[in-house]
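Just below is one structure, and these are the notes that go with it.
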Amino acid sequence: MSKEKKSQTVQTTGHAWDGDIQEFNNPLPTWWIWGFYITVVFAIVYWFLYPAWPVGDSYTKGMGNTVEYTTKEGEVVVTHWTTRALYQKEMQAAREQQAVQLAKYSKLSFDEIKKDDAMRAYAISVAKVLFADNCAACHQPGGAGLISMYPSLVDDDWIWGSDYKQIETSIRSGRKGVMPSFSKTLNEKQIDDVAYYVLNYSSKQNDFARVKNGKEIFNTNCAACHTQKGIGNIQLGAANLTDKIWTVAGITAKMKDKDKINSIKQVIKNGIAREMPGWENRFSDLEIKMLTFYVNELGSKQ
């Protein structure tokens, strides 16, 4: 009997279909058998070394190395190996590394941070998360704000001032934007003339009589906060009316003057009452410093 025929006889189960389709019975390769045995041995060793089997309301703790880590609250924990314990240890290492970086950051002035690309990028990355978690609900992601509700932080119009100290004060202590309602102080024509005059600051109007009337009313009722030149007062949070940036009146560049005047009239009639809370009790001094730098950088892009 030839080797080929003998091999064929050994490799089949004797079953055949349609006369010539046979079922082979080749033995598993040796390497596969040994691989299977190794996985069995590995599993048994793993069961002893690591947590594996449930036992009642608990589980086998394993005989592997213990893990020691310090929680964020400062508590030292020593426990058997688990992926959660390993995660906590890695978090501890990350906090320690971050503490070193923050210590360097706290010693630098704002100008020094701005000049150091690495420190600037680090400060922005940390503050960006703080801003997203705490400030973006009002000022929107990226600081774009909402017209008539929350000021934009990415333009060059700063109601309460744009230097680091002024921004830090805003974050630390909060701000209250208050403008009284003039609906009972001024009649409809007076409100209309004042609105016309306010719009004249940023978009020159041709009706000189109305501008003159509005100016007189403005100087009597509004100039104490906005100044007679309309440039505003950052100490009071009074907006600059001479630029084309509107923080409360819902005005866009594409609107007609009539619609712009109507928007301004609504502000004059209703007044303003909005408040930003102070974050001094929620943020650390270092976090406030980072947010101050970040907000300044948002406006510096313009």
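The values are calculated or read from the model by the stated rules, or taken from the named source; none is laboratory data. All values reported here derive from a predicted model rather than from experimental measurement. Positions of Cβ are backbone-derived with ideal geometry, glycine not excepted, and every protein chain shown enters the neighbour counts.
Of Ala195, Ala249, all but one fail to be assigned to a helix (DSSP H, G or I), under 29 Å from Gly299 (Cβ atoms) and of a type in the set (Gly, Ala, Ser); the exception is Ala195.
Checked against the criteria, Glu216 does not count as of a type in the set (Asp, Glu) and under 33 Å from the mean Cα position of the chain (by Cα).
Are any of the residues in region 89-112 in contact with a Ser or Thr (Cβ under 7 Å, 6 or more places away or on another chain), within 30 Å of Lys289 (Cβ to Cβ) and surrounded by 13 or more Cβ atoms within 10 Å (Cβ to Cβ)? Yes: region 89-112 contains one or more residues that are in contact with a Ser or Thr (Cβ under 7 Å, 6 or more places away or on another chain), within 30 Å of Lys289 (Cβ to Cβ) and surrounded by 13 or more Cβ atoms within 10 Å (Cβ to Cβ). With respect to the conditions (1) under 21 Å from Thr247 (Cα atoms); (2) touching a Lys or Arg at 6+ places or on another chain (Cβ under 9 Å); (3) at pLDDT 90 or above, Arg120 lacks only one, and its number is (1).
Given the structure, is Gly278 of a type outside the set (A, V, I, L, M, F, W, C), more than 31 Å from the chain's Cα centre (by Cα) and either part of a loop (DSSP other than H, G, I, E, B) or at positive phi (or both)? No, not satisfied.
Per-residue answers, yes or no, for (1) assigned to a helix (DSSP H, G or I); (2) at pLDDT below 85; (3) within 32 Å of the chain's Cα centre (by Cα); (4) over 30 Å from Ala123 (Cβ atoms):
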| residue | (1), (2), (3), (4) |
| --- | --- |
| Gln22 | no, yes, no, yes |
| Trp34 | yes, no, no, yes |
| Val41 | yes, no, no, yes |
| Trp47 | yes, no, no, yes |
| Glu68 | no, no, no, yes |
| Ala85 | yes, no, yes, yes |
| Met91 | yes, no, yes, no |
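Scanning region 48-82 for residues that are farther than 25 Å from Arg95 by Cβ and of a type in the set (Ser, Thr, Tyr), we see that the one that is surrounded by the fewest Cβ atoms within 10 Å (Cβ to Cβ) is Ser58. Condition test on Met119, is it of a type in the set (A, V, I, L, M, F, W, C), within 22 Å of the chain's Cα centre (by Cα) and more than 25 Å from Gly174 (Cβ to Cβ)? In short, yes. Screening Gly237 against (1) in contact (Cβ under 8 Å) with a residue 60 or more places away in the chain; (2) over 29 Å from His139 (Cβ atoms); (3) among the small types (Gly, Ala, Ser) leaves a single unmet condition, (2).
Of the residues that make up region 238-251, is at least one over 16 Å from Asp155 (Cβ atoms), modelled with pLDDT of 90 or more and either under 29 Å from the mean Cα position of the chain (by Cα) or surrounded by 15 or more Cβ atoms within 10 Å (Cβ to Cβ) (or both)? Talk me through it step by step, then tell me what you get.
Of all residues in region 238-251, those over 16 Å from Asp155 (Cβ atoms) come to 238.
After this cut, where a residue has to be modelled with pLDDT of 90 or more as well, the list is 238.
The next check asks that each one be either under 29 Å from the mean Cα position of the chain (by Cα) or surrounded by 15 or more Cβ atoms within 10 Å (Cβ to Cβ) (or both); those that pass are 238.
Yes, some residue in region 238-251 is over 16 Å from Asp155 (Cβ atoms), modelled with pLDDT of 90 or more and either under 29 Å from the mean Cα position of the chain (by Cα) or surrounded by 15 or more Cβ atoms within 10 Å (Cβ to Cβ) (or both).
Being closer than 20 Å to Pro277 by Cα and out of contact with any Phe, Trp or Tyr (no Cβ under 7 Å at 6 or more places or on another chain): is that true of Leu153 here? Answer is yes for this residue. Quick check, is Met149 at negative phi and modelled with pLDDT under 90? When the stated conditions are applied, Met149 passes them.
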